[in-house]
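> This is the structure I want to talk about, given as structure tokens.
The values are calculated or read from the model by the stated rules, or taken from the named source; none is laboratory data. Since the model is a prediction, treat every value here as computed from it, not as a measurement. Using ideal geometry, Cβ is built from the backbone for each residue, glycine included, and neighbour counts are taken over all protein chains shown.
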Amino acid sequence: MSLPSRDAGYGGAENLEVMREARNYNAWLLRLIHRYAPASGHILDFGAGQGTFALPLQLEGRAVTCVEPDPALAASLCAQGLTAVSTVAQLENAAFDFAYTLNVLEHIEDDAAALAALHAKLRPGGRLLVYVPAFQVLYGSMDRRVGHLRRYRRLDLVRRVRAAGFAIEKSQYADSIGFFAALAFRLLRSESTGDLARAHVRLYDRLAFPLSLALDLLCRPFFGKNVTVVARR
């Protein structure tokens, strides 16, 4: 199972660059990886992009393998010392202790096959972290711009992960304020190109996102802009 190329569906390379401005958001996602990754072992980053998470893990001395279909991005990852392949099929089965895929499954037409492939690459007992956009009601111009095929409800994602052979450990929503921000973006800019503005990303990241994480303590069973599932093979 491979990821779609950045030019043919995954797209939004400009938005990937803009999202580097979201320092609090990216730091939180890295903490999420640390929370569920084992203290040692081989890690698989499925959809590594620019290496936003793989590179910090590498600097910590972690063994990380990236799956990244874009040749330029893969070459950049390799130039920075990471191992990068274009498809998960190039990797050995049962070779990884932990895998994470952050904002990637929504780009893949056959997400069930992608989850099954990740199951095959993990060792027995290996853990998977999935983080994707939530709620189809939020689907709008920005989703189309960056090649999202869908957004997920929590129980729907749980069923898909379980159907791939995983045992579910945890599932919850995240970024509760982001739910309303995304809804406003969709309603107010439904005819726009869906491009992210650096200033808007920076403002939300610095001011709203920390408050959103606090509110998540109450809201994460019910709603959020994203949904997280943690599972074991």
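> Restricting attention to the stretch 38-82, which residues are in a loop (DSSP other than H, G, I, E, B) and of a type in the set (D, E, K, R)?
Within the stretch 38-82, GLU60, ARG62, GLU68, ASP70 qualify.
> Shifting gears a bit: Give me a count of the residues in the stretch 168-204 that are modelled with pLDDT of 95 or more and either more than 14 Å from THR228 (Cα to Cα) or assigned to a helix (DSSP H, G or I) (or both).
Kept after step one, since they are modelled with pLDDT of 95 or more, are these residues of the stretch 168-204: 168-180.
Those left that are additionally either more than 14 Å from THR228 (Cα to Cα) or assigned to a helix (DSSP H, G or I) (or both): 176-180.
Total meeting the criteria: 5.
> Report every pair of residues separated by at least 6 positions or lying on different chains whose Cβ atoms are under 7 Å apart, first residue within the stretch 79-93 and under 18 Å from LEU115 (Cβ atoms) and of a type in the set (Ser, Thr, Tyr), second modelled with pLDDT of 95 or more and surrounded by 11 or more Cβ atoms within 10 Å (Cβ to Cβ).
THR87/VAL67
> Could you tell me whether the stretch 1-22 includes any residue that is modelled with pLDDT of 95 or more, surrounded by fewer than 17 Cβ atoms within 10 Å (Cβ to Cβ) and either within 16 Å of the chain's Cα centre (by Cα) or assigned to a strand (DSSP E or B) (or both)?
No, the conditions are met nowhere in the stretch 1-22.
> Would you be able to say whether some residue in the stretch 215-227 is part of a helix (DSSP H, G or I), among the β-branched types (Val, Ile, Thr) and either in contact with a strand residue (DSSP E or B) (Cβ under 9 Å, 6 or more places away or on another chain) or touching a residue at least 60 places away in the same chain (Cβ under 8 Å) (or both)? Walk me through it before giving the result.
Restricting attention to the stretch 215-227, the residues satisfying the condition of being part of a helix (DSSP H, G or I) are 215-219.
When the remaining residues are screened for being among the β-branched types (Val, Ile, Thr), the result is none.
Taking every residue of the stretch 215-227 in turn, none turns out to be part of a helix (DSSP H, G or I), among the β-branched types (Val, Ile, Thr) and either in contact with a strand residue (DSSP E or B) (Cβ under 9 Å, 6 or more places away or on another chain) or touching a residue at least 60 places away in the same chain (Cβ under 8 Å) (or both).
> Given the options ALA167, ALA116, name the one that is closer than 19 Å to ALA89 by Cα, surrounded by fewer than 19 Cβ atoms within 10 Å (Cβ to Cβ) and aliphatic (A, V, I, L, M). Give the derivation first.
Numbers: ALA167 fails: closer than 19 Å to ALA89 by Cα.
One residue alone meets the criteria, ALA116.
> Which numbered condition in (1) under 30 Å from SER40 (Cα atoms); (2) within 17 Å of the chain's Cα centre (by Cα); (3) of a type in the set (Lys, Arg) is the only one that ARG144 fails?
Failing condition for ARG144: (1).
> Please go through the stretch 81-101 and give me each residue that is over 23 Å from ALA39 (Cα atoms) and over 18 Å from the mean Cα position of the chain (by Cα), ordered by number. Even if it seems obvious, please write down each step before you answer.
Restricting attention to the stretch 81-101, the residues satisfying the condition of being over 23 Å from ALA39 (Cα atoms) are 85-90.
Listed by number, the residues that qualify are ALA89, GLN90.
> Considering each of GLY47, GLY125 in turn, give the residue that is at pLDDT 95 or above and surrounded by fewer than 16 Cβ atoms within 10 Å (Cβ to Cβ).
Answer to the selection: GLY125.
> Can I ask one more? Which residues, taken from the stretch 116-150, are touching a strand residue (DSSP E or B) at 6+ places or on another chain (Cβ under 8 Å), of a type in the set (A, V, I, L, M) and part of a helix (DSSP H, G or I)?
If the condition is that a residue be touching a strand residue (DSSP E or B) at 6+ places or on another chain (Cβ under 8 Å), of a type in the set (A, V, I, L, M) and part of a helix (DSSP H, G or I), then LEU118 is the only one that fits.
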